[in-house]
Amino acid sequence: MAIFVDKDTRVVVQGITGRDGGFHTREMMAYGTRVVAGCTPGRGGQKFEGSVPVFDTVKQAVQETGANTSVIFVPPAGAAGAIMEAADAGCTLIVCITEGVPTVDMVKAWPYVQEKGARLIGPNCPGLLAPGIAKLGILPASIVKEGPVGLVSRSGTLTYEVVFQLTAAGLGQTTCLGIGGDPVIGTNFLDAIEAFNADPATEAFVMIGEIGGDAEEKAAAYIKAHVKKPVVSFIAGRTAPPGKRMGHAGAIVSGGSGTAAEKKKALEAAGIPVADRPMDIVPKLKEIWKR
Amino acid sequence: MAIFVDKDTRVVVQGITGRDGGFHTREMMAYGTRVVAGCTPGRGGQKFEGSVPVFDTVKQAVQETGANTSVIFVPPAGAAGAIMEAADAGCTLIVCITEGVPTVDMVKAWPYVQEKGARLIGPNCPGLLAPGIAKLGILPASIVKEGPVGLVSRSGTLTYEVVFQLTAAGLGQTTCLGIGGDPVIGTNFLDAIEAFNADPATEAFVMIGEIGGDAEEKAAAYIKAHVKKPVVSFIAGRTAPPGKRMGHAGAIVSGGSGTAAEKKKALEAAGIPVADRPMDIVPKLKEIWKR
Amino acid sequence: MNIHEYQAKEIFASHGLPVPGGKVATTVDEAVALANGFGLPCMVKSQVLTGGRGKAGGIKFCPTIDDVRKHAGNILGMDIKGHIVRKVLVTPAVDIASEYYVGMLIDRNTKRVLLMASAEGGVEIEQVAKENPDAILKQSIDPRYGLLDHEAMDMGLRLCPEDVKKARQLAAAMQKLYRAFVEADASLAEINPFIFTPDGTGHAIDAKVNLDDNALFRHPGYEALRDLEAEDPGERAAREAGLSFVKLSGNVGCLVNGAGLAMATMDLVNYYGGQPANFLDIGGSSNPEKVVNALTIILEDPEVKAILFNIFGGITRCDDVANGIIKATQMMDINVPIVVRLTGTNEAEGRALLAKTALHPAQTMDEAVQKAIELAGK
Amino acid sequence: MNIHEYQAKEIFASHGLPVPGGKVATTVDEAVALANGFGLPCMVKSQVLTGGRGKAGGIKFCPTIDDVRKHAGNILGMDIKGHIVRKVLVTPAVDIASEYYVGMLIDRNTKRVLLMASAEGGVEIEQVAKENPDAILKQSIDPRYGLLDHEAMDMGLRLCPEDVKKARQLAAAMQKLYRAFVEADASLAEINPFIFTPDGTGHAIDAKVNLDDNALFRHPGYEALRDLEAEDPGERAAREAGLSFVKLSGNVGCLVNGAGLAMATMDLVNYYGGQPANFLDIGGSSNPEKVVNALTIILEDPEVKAILFNIFGGITRCDDVANGIIKATQMMDINVPIVVRLTGTNEAEGRALLAKTALHPAQTMDEAVQKAIELAGK
């Protein structure tokens, strides 16, 4: 079991003929993900890797192949449009990997995605990897392992670092989910935590936050009120100077709020251990998790 | 019984301090309509006619007086905004009398009204008069009479003419409804006919159409399929030249469609008698109506 | 309000649509000077507010300056369906490899703007709609989101499946046309045809825009687009007086309060074998000045042999209306018979006032119409 | 991207917001000439990308030309929180009867633009938020409809219940600010204060706009708004090289792939008692040129005593990354120790390559960080 995906996940890749889209589609297929279609306007009728049909529009891809999930690798200028196209075509899960999407575009796309009833992950995220089930995005398959731990993170490689440590410690994962580092993202910590809490296969989970916004504080309040499963957290950016964007568009301490210290305080007040170092996450999890 | 209104209808008049708004509010009150509030920005705290409190916003009016219905007399530039304000404040029935509202404004306001769950009548309409219950708008109270006939019309004075003849023939009305002559209106023939069909007090009804659009054709198809009550129709504009707007923004034969002849044909094909002259409406109704 | 092709193209150009250069000439010499400026070949296109200009010989391709001189000379002053050509648009000619129709209008049923497009460009869309309705693609535009990238691109690809670059140009043109439609408060906007040259570049080579009269108040500049010369003098005077008036060809002048009742009155004149001279809605007021304006406009028409007032006094009282009509007729020198039908509030008082005048009173619409036809025939 | 007050005002003015005239001077003589042009009294306002200019003496009221000369002289070259004043805005002074705050930002929770306004204008909104949060009115803006008339008017009336004309001006300003925000792709837009003069006319007398870096590609003109002089040279070089870099004050230069891991690396340096010299995300590539650029930027800082690579090879293979680092270091003349931590795909191969070089390998983040701190301290 996993969150958001299952064995019926049928993927259309938007931007499959691009360099990154093509590379990661091969990786997804190599992991066994059912990539049933690609979409690039003007490339309709071609085959990707000799087997995956490419369509001009997502609507065609959905109609012809029964795709229900889109993974998006299109350039930033068209990314929000691609999200809306996927939602309009009936995809119920949309994972947007694209980095650098204008925020105003996401503000416009969000109510559309909601009206169409789709779940959006990202943009500017590594996507999701449910070991043994499906890989949607760019998370490296080599570091994951099937198991009972859920992981949700605003980051990319920091997530890999933590997954690597979990796997090394023998703690496999139900789903590793990168929700992205932009100010406006689809699925947020709260949504992911609700899903992990409801997923019977997930016995414990890890939340990797960072500076900016108050999503971690909101998650803490939710966990305190609703979650009985063991949770450990880590917050990146304790030493980030205020007013500076730390790579991710959303990672910024502004007007004195969104600091790592505030987040740590809120999490600890909710009874969630916060690791000081990435290497402390696994030990802390083992400490509170009576298996 | 009537459609769209009942004894719980509590009215806020937007634009109550204007000349037309004030005049017709007095007329509505004289008929016994429960006008509980007025709204004109900057006039909050005043009293209309010494008794009706005026508020700056519809939200305040609704909160303070329990108004659930708005009648709008504001100038065209602000009319669509006033409709949205009323819908946002929780009014479930909004009657917009204002003539000359830009169509693009109505196109924008419509989904908003729908999302808020309100019913809109108009704009550019005389409103509705349910004899013995309430008068919302500018239909003259002197010509109506309580009774079993429903009347719906795109016109103003032509409606009065027909109501006058019904009343003179002893046929009182459940509700007289003017839906307005603009291309984009809230409640249309179909909505009104559904309501008349469902209203136990309405035993028969009259539909007064005119050139432009295909609302009469759509209504005809609905009546044929769903309505057992006697219906008579009249269509104005048989002699209107094509391409010319006949007063109402929506009354225009364009590209050869929207003609009175087409509408008459569709109505008659659905078994609905179409009167050639306004004075033929009452006799035709009596002819098919076995009371 | 209908505007000319060259004016519609100015609106399109301001929204980034690819419109070929062009300027308007009112004389042959101006047209020749413009053609010399733009270079040859060029088009000379009559600017009249009606369709079918091409069929009528009002649009000509000019490979030489002599052609410009000849065709501009023929076209200026030409009568196209009753419209006299007073201006020609001189515009560079482009080679046409393919033609498309792209148009938008208000869809009453969805209460939205409807985009229509067809690969059968250059012919009237009504004709395509009749002969080959499946050739017209449609997209209803949600006003909350506008025409979305994928909606426009889907249309573009369906119109032009073999060439994604052309599909993109069509999609971009549709999105720009939508912005132009909304921002200009149009009720209709058409590019017919949108063409591609052999090198694959798209151009909007013809343009039609109708503007929403109700929205002119927020576009003060658009009043200058009105072609006063092309307007019927009566309709112009009525518009300036705030009256809703349409000129017809009969002899019974009609003054009615309310548009629906005014149409029904015309229809009834026709029903009884008469010919209405006009549609006129004088509105709800009993203001004598408005009645004077309305009568002046109607009496400008020498065909009018009788005048018919059909007034339903609802909120307005009939005695007030009667006084307004009496005052107005006293202020003027009128030598056609006037029939007045007044019904509604204070009907008896109104008729009593009329009884003291030379006006012919009537009680019902039918009586009034029959009387007016009879008087017009004398 | 942060822009100056005068640039923000240009954006505001183009959206119809009532901004007083004003121009920028870089010398005292220019300031005097501008003041003579605008007339007295006027304001001389430092243009630096930080708040608190008033408190620092960077904004002065000038009743006379002598004042302009004196204050412009003092302000030009002034250091405000580390920002050197190179430009002053000279703008007519207006009498202030009342002041309001109006601002918009992206609300991550609602995923919408949030309008905030307060009758406590002229002070920093963060201060109001702390001391008197109820004084801040908020309106979440539905992007499908924009800021609606009644929403803006409701805010205007709550800010200014005693004067509907002022409420209307505030409402109009909010609606224009929203259009400016969306069309300019802002991430923050503030008018602080929006003032009324004693005669009741509203003016946006201060302006702050942050632009969304992700959207600069569709505003080619905005690149010219960037104040290159105000930018840290390293951050500027990094931006031009497509790298995400923030200068800090420590001595351990950090090169990390991924923003989250880069922050975590900085934090770990700090945890072990060291001081990171920077934040730098070199991204997922193993391109030696990118590594050269990154190293060049870091080594410009004379404080840097050791360099720490922390690379998690996920999709990118560690041997590729190692080769990239080796090539880059060979192309340069580097005399500080370099610690390289490589983990992930092909980790062993990567470390084998490094073993043949003078680079200090490390297996875990903790080991690498501790080693880098130790080497920096030598």
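Points worth noting:
- Within chain A: Cβ-based charge dipole about Cα centre, in debye rounded to nearest 20 (Lys, Arg +1; Asp, Glu -1): 420 debye
- Expressed to the nearest 5 percent, the antiparallel share of DSSP beta bridges inside chain A is 20 percent.
- For q = 0.20 Å⁻¹, Debye-computed log10 I/I(0) when each Cα of the stretch D:98-225 counts as one equal scatterer: -1.16
- Our compactness index for the stretch C:5-136, the C-alpha radius of gyration over the empirical 2.2 N^0.38 Å, is 1.17.
- Inter-copy spacing of D:A358 label points, which lie 7 Å from Cα along Cα→Cβ, given in nm from shortest upward: 12.0
- With the convex hull of the Cα atoms taken as the outline of the stretch B:1-87, the averaged projected area works out to 5.6 nm².
- Alpha-carbon Debye profile of the stretch A:40-109, log10 I(q)/I(0) at 0.12 Å⁻¹: -0.31
- Pairs exceeding a 24 Å alpha-carbon distance, out of D:K166/D:K208; A:K228/A:K286; A:K108/B:K116; C:K45/C:K247: C:K45/C:K247.
- Each of the peptides C:101-111, C:228-238, B:17-27, A:132-142 was scored by the mean count of other Cβ atoms within 10 Å over its residues; in descending order, highest first, they stand as A:132-142, C:101-111, B:17-27, C:228-238.
- The value given for chain A is a Kirkwood hydrodynamic radius of 19.0 Å, derived from the mean inverse Cα-Cα separation.
- When B:H226, D:H71 are sorted by how many other C-beta atoms sit within 10 angstrom of their C-beta, beginning with the fewest, the order is B:H226, D:H71.
- Rounded to 10°, Cα long-axis angle of helix D:28-38 versus longest principal axis of chain D: 30 degrees
- Three semi-axes of the equivalent ellipsoid, the stretch D:131-174, Cα gyration tensor, whole Å, largest first: 18, 16, 7
- Computed from Cα atoms alone, the Kirkwood hydrodynamic radius reported for the protein assembly as shown is 35.6 Å.
- The label point for C:E229 and the one for D:Y272, both projected 7 Å from the Cα toward the Cβ, are 8.7 nm apart.
- If you sort the three axes of the alpha carbon gyration tensor as a ≥ b ≥ c, you get a/c under 1.5 for the stretch D:233-377, which makes it rounded.
- Here the residues C:F217, D:F309, D:F12, ranked from fewest to most Cβ neighbours within 10 Å of their Cβ, fall in the order C:F217, D:F12, D:F309.
- Distances from D:Q127 to itself in the other copies, using label points 7 Å out along the Cα-Cβ axis, amount to 7.3 nm in increasing order.
- When Rg and the Kirkwood radius Rh are both evaluated on Cα atoms of chain C, their ratio Rg/Rh stands at 1.08.
- Of the residues A:A169, A:A61, A:A270, the one that moves most in a GNM of chain A with alpha-carbon contacts below 10 Å is A:A169.
- Kirkwood-type radius of the stretch A:140-288, with distances r between different C-alpha atoms, in Å: 15.1 Å
- For C:L115, the shell of other residues with beta-carbons less than 9 Å away shows a net charge of 0, using +1 for Lys and Arg and -1 for Asp and Glu.
- Among D:Q330, D:Q139, D:Q47, the largest mean-square fluctuation in a Gaussian network model of chain D (Cα springs under 10 Å) belongs to D:Q330.
- Axis-proximal residue of chain D for the rotation onto chain C, reported as residue and distance in whole Å: D:R144, 2, based on Cβ position.
- Inter-copy label distances at B:G117, shortest first and taken from points set 7 Å along Cα to Cβ: 2.0 nm.
- Computed from the C-beta positions of D:Q127 and D:T50 and an R0 of 22 Å, the FRET efficiency is 0.90 to the nearest 0.05.
- Between helix D:65-75 and chain D: long-axis angle, C-alpha atoms, 0 to 90°, nearest 10: 20 degrees
- Take each residue of peptide D:104-115, count the partner chain Cβ atoms within 10 Å of its Cβ, and average: the result is 5.
- Helix B:189-198 and the long axis of chain B differ in direction by around 90°, with both axes built from C-alpha atoms.
- Nearby aspartates and glutamates by direct alpha-carbon distance to D:K81 (threshold 20 angstrom, same-chain neighbours under 8 apart not counted): D:E5, D:E124, D:E126, D:D206, D:D227, D:E229, D:E231, D:D232, D:E235
- Globularity index of the stretch D:301-359, i.e. its alpha-carbon radius of gyration over 2.2 N^0.38 Å: 1.12
- Here the contact order of the stretch D:233-377, divided by its residue count and restricted to Cα pairs under 8 Å and six or more residues apart, works out to 25 percent.
- Residue closest to axis [chain A; rotation mapping onto B; Cβ; Å]: A:E115, 5
- Placing one equal scatterer on every Cα of the stretch C:21-92 and applying the Debye formula, the log10 ratio I(q)/I(0) at q = 0.15, 0.16, 0.27 Å⁻¹ is -0.38, -0.43, -1.18.
- When the convex hull of its Cα atoms is projected in every direction, mean area for the stretch A:107-163 (nm²): 4.7 nm²
- The stretch C:328-378: proportion of alpha-carbon pairs further apart than 17 angstrom, %: 39 percent
Rule-based calculations on the coordinates, nothing more; no lab input. For clarity, every value in this text was computed on a predicted model and none was experimentally measured. Ideal geometry is used to build each Cβ from the backbone, glycine not excepted, and the neighbour counts take in all protein chains shown.
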